[in-house]
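Report on the following structure.
The values are calculated or read from the model by the stated rules, or taken from the named source; none is laboratory data. On a predicted model such as this, the values are computed, not experimentally measured, just so you know. Counting neighbours? That spans all protein chains shown, and the Cβs are built from the backbone with ideal geometry, glycine included. For accessibility, only protein heavy atoms count, side chains too; no ligands or nucleic acids. Shrake-Rupley method; radii C 1.70, N 1.55, O 1.52, S 1.80 Å.
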Amino acid sequence: MSSGVNSIVEVAGLTKVFNGTTAVDNISFEMYEGEILGLIGPNGAGKTTTLQMLLGLTTPTSGQIRLFGLDLRKNREEILNKVNFSSSYISLPFSLTVRENLMVFARLYGVREPKKMINGLLETFEIDGIGNIPTRRLSSGQITRVCLCKALLNNPRVLFLDEPTASLDPDIADKTRKLLQRIRKDNGLSILYTSHNMKEMEELSDRILFMDRGKVIALGRPEEIEKKFHGASLEEVFLKIARLE
Amino acid sequence: MKVSRVLAYTTRHLFLYKRSLPRLMEVFYWPVLDLLLWGFVSVYLGRHAGDVPGFVTFFIGALILWDILFRSQQGISVSFLEDMWSRNLLNIFVSPLSPAEYVSSLMLISIVKLLLTSTVMATLAWLFYSFDIFTLGFALIPLIANLVVMGWSVGIITMALILRFGQEAEILAWGVALFFQPVSAVFYPVEVLPGWVRTIALFVPSSHVFEGMRKVISNGGFPTEDLIWAFSLNAVYIASAALFFSWNFSVVKKKGLLAKVGE
Ligand SMILES: Nc1ncnc2c1ncn2[C@@H]1O[C@H](COP(=O)(O)OP(=O)(O)OP(=O)(O)O)[C@@H](O)[C@H]1O
Ligand SMILES: [Mg+2]
């Protein structure tokens, strides 16, 4: 496939049918290198299902997924080495300390100098103080940040995040956004993420992918989408579309 | 298959046992209790069972070996449950660790676990009942190997069912090995079983292992025939378990259940 040098994720005709219900309905899009793409849509729109297909966790009913120009079905290992994932609904083994958990994944990804990497990430997320306590004692916001550290351990080129800021307080959520932007700038990382926080989406995303009932109904820069649907903000657009039933 | 990844994931369990007292107890507490309780029962019964030669030795040997099968199954399915409970499965399956590598690391851990447990049990059996596990001689190694492999097969199938059916199948992780105990002829010879159960026992690898164990204890020598049976059956079962797991894994991915396991 020769669809532009800098397109890093290519999705074509992707469909997922769960016994009769179409969760994702023939969607196609591309993601560019270094881009932050925000995935929005009402509950049940198919966002999580899409992310899971991109990570190889759910098998598509039909359609094509390519990352780094490689077919996901045939190059699972090579692709997964260069991507990572976090969300507010995953966690890490409770009995292990934060550092131990991160060490396990650092080894899984074959990280060089894992200790240094882990210390760096803990500092970046301002959680170096909790490195040696068991994961069970963390607050949900702290777990979210530890999982984000996990997601950055392998220096991924694409990061998939499903509602990453859902359990963070406004201060930490804001810091996390700034951090993601910084990492994106420093490492040329691409991020595909979902959120129900429209302000966040406007602030963070280069482009927005708007899904509704399994379909892509808009794809473009936040201001383009606002213009297209005659809304003053993304929130207004969202409400318009969600109540359009 | 990449060995470095298999080993990497094994460290997760090593950290766990370093951290968690209950987990460490599970390796030592139950087996030791079993051994003490049933050991003394058998010593007592042995006094009155003059006509069953080597009664106590049979019984204690059986206890230790049965525990190996049990631990090897649990080493797989309980470790998997821990990943499920801690909502860690997605972290694992979005990493380059393949399902086969994941299962291999669980197998490796189960070996470490049961080496620890059986060393403790064998030592205690020697101290309390002057039972010397090494009277089984060289046959000990293939006998144990067969129990371990059978435990793996059962553990892998259990894990597949939990992935597919979720919490309803969880109970299997704890009790499924016990299901095989009666037909394994652990504490009595196969010949006491009624005819049709004996036919079932013929296809259960562990029944051959325990028959073999009793033969070695009473006559010495090497239970070649029993071991050939056990190895052949195990080869079929472990291969079937692997195929079943791999087929089931693809069904689970089609149904989008990976993210929902444990909910
Ligand atoms: N494993 C599954 N089996 C059957 N149906 C499923 C499965 N996973 C998702 N669905 C259905 O697919 C549709 C899309 O769900 P999905 O989780 O992708 O939505 P979402 O956009 O992430 O929603 P939310 O904002 O609530 O997280 C829903 O109708 C859901 O019920
Ligand atoms: Mg979702």
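One residue stands out in segment B:212-263 among those that are of a type in the set (S, T, N, Q) and away from ligand 1 (no atom under 16 Å from the Cβ): the one that is least open to solvent (accessible area, probe 1.4 Å), namely B:N234. Here B:L35 meets each of (1) in contact (Cβ under 8 Å) with a residue 60 or more places away in the chain; (2) exposed (fewer than 15 other Cβ atoms within 10 Å of the Cβ) with one exception, condition (2). In the set A:Y89, A:Y109, which member is within 13 Å of ligand 1 (Cβ to nearest atom), closer than 29 Å to A:K185 by Cβ and among the aromatic types (F, W, Y)? Answer to the check: A:Y89.
With respect to (1) open to solvent by 20 Å² or more (accessible area, probe 1.4 Å); (2) away from chain B (no Cβ under 14 Å); (3) more than 16 Å from ligand 1 (Cβ to nearest atom); (4) not aromatic (F, W, Y), the lone exception for A:S190 is condition (1).
Screening A:A242 on (1) away from every other protein chain (no Cβ under 14 Å); (2) surrounded by 14 or more Cβ atoms within 10 Å (Cβ to Cβ); (3) within 16 Å of ligand 2 (Cβ to nearest atom) shows it passes everything except condition (2). For A:T49, the stated conditions hold: it is within 16 Å of ligand 2 (Cβ to nearest atom) and in contact (Cβ under 8 Å) with a residue 12 or more places away in the chain.
Okay, residues lined up against (1) without any contact (Cβ under 8 Å) to a residue 60 or more places away in the chain; (2) open to solvent by 10 Å² or more (accessible area, probe 1.4 Å); (3) within 12 Å of the chain's Cα centre (by Cα); (4) under 24 Å from B:Y17 (Cα atoms):
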| site | (1), (2), (3), (4) |
| --- | --- |
| B:I68 | no, no, yes, yes |
| B:S79 | no, no, no, yes |
| B:D83 | yes, no, no, yes |
| B:S104 | no, yes, no, yes |
| B:V120 | no, yes, no, yes |
| B:L124 | no, yes, no, yes |
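Within segment A:216-245, can you find the residues that are of a type outside the set (A, V, I, L, M) and either in a strand (DSSP E or B) or over 23 Å from the mean Cα position of the chain (by Cα) (or both)? Once the filter is applied, which keeps residues that are of a type outside the set (A, V, I, L, M) and either in a strand (DSSP E or B) or over 23 Å from the mean Cα position of the chain (by Cα) (or both), segment A:216-245 yields A:G220, A:K227, A:K228, A:F229, A:H230, A:G231, A:E236, A:K240, A:R243, A:E245.
Does any residue of segment A:31-42 turn out to be of a type outside the set (V, I, T), within 16 Å of ligand 2 (Cβ to nearest atom), part of a loop (DSSP other than H, G, I, E, B) and more than 14 Å from chain B (Cβ to nearest Cβ)? Yes. Among the criteria (1) within 16 Å of ligand 2 (Cβ to nearest atom); (2) in contact with a strand residue (DSSP E or B) (Cβ under 6 Å, 6 or more places away or on another chain); (3) open to solvent by 20 Å² or more (accessible area, probe 1.4 Å), the one A:Q64 does not fulfil is (1).
Of the residues making up segment A:48-90, those that are in a strand (DSSP E or B), hydroxyl-bearing (S, T, Y) and under 22 Å from B:W85 (Cα atoms) are A:S86, A:S87.
Taking the criterion of being small (G, A, S) and outside any helix (DSSP H, G or I), the only residue of segment B:127-169 that qualifies is B:S130.
Test A:L159 against the criterion of being away from ligand 2 (no atom under 16 Å from the Cβ), modelled with pLDDT under 95 and open to solvent by less than 30 Å² (accessible area, probe 1.4 Å), and give yes or no. No: the conditions fail for A:L159. For segment B:68-86, a residue qualifies if it is of a type in the set (G, A, S) and part of a helix (DSSP H, G or I), and the qualifying residues are B:S72, B:G75, B:S77, B:S79.
All of B:L140, B:L63 fail the test of being without any contact (Cβ under 8 Å) to a residue 12 or more places away in the chain, closer than 18 Å to B:I217 by Cα and either within 14 Å of chain A (Cβ to nearest Cβ) or of a type outside the set (F, W, Y) (or both), apart from B:L140.
Determine if segment A:58-71 includes at least one residue that is charged (D, E, K, R) and within 11 Å of another protein chain (Cβ to nearest Cβ). No - not one qualifying residue is present in segment A:58-71. Any idea which residue in segment A:91-109 is farthest from the other protein chains (Cβ to nearest Cβ), counting only those that are part of a helix (DSSP H, G or I) and open to solvent by 10 Å² or more (accessible area, probe 1.4 Å)? Out of the qualifying residues, it is A:R99. Reported count of residues in segment B:1-30, each being at the interface with another protein chain (Cβ under 10 Å from one of its Cβ atoms) and not in a helix (DSSP H, G or I), is 2.
So A:D128 clears everything in (1) away from chain B (no Cβ under 12 Å); (2) away from ligand 1 (no atom under 16 Å from the Cβ); (3) within 27 Å of A:G56 (Cβ to Cβ) except one condition, right? Which one? Here A:D128 meets the rest and fails (3). Applying the condition of being surrounded by fewer than 20 Cβ atoms within 10 Å (Cβ to Cβ) and in contact (Cβ under 8 Å) with a residue 60 or more places away in the chain to segment A:16-36 and asking which residue is nearest to ligand 1 (Cβ to nearest atom) yields A:T22. Looking at segment B:139-155, can you tell me whether even one residue there is over 25 Å from B:S232 (Cβ atoms) and within 17 Å of the chain's Cα centre (by Cα)? No: segment B:139-155 contains no residue that is over 25 Å from B:S232 (Cβ atoms) and within 17 Å of the chain's Cα centre (by Cα).
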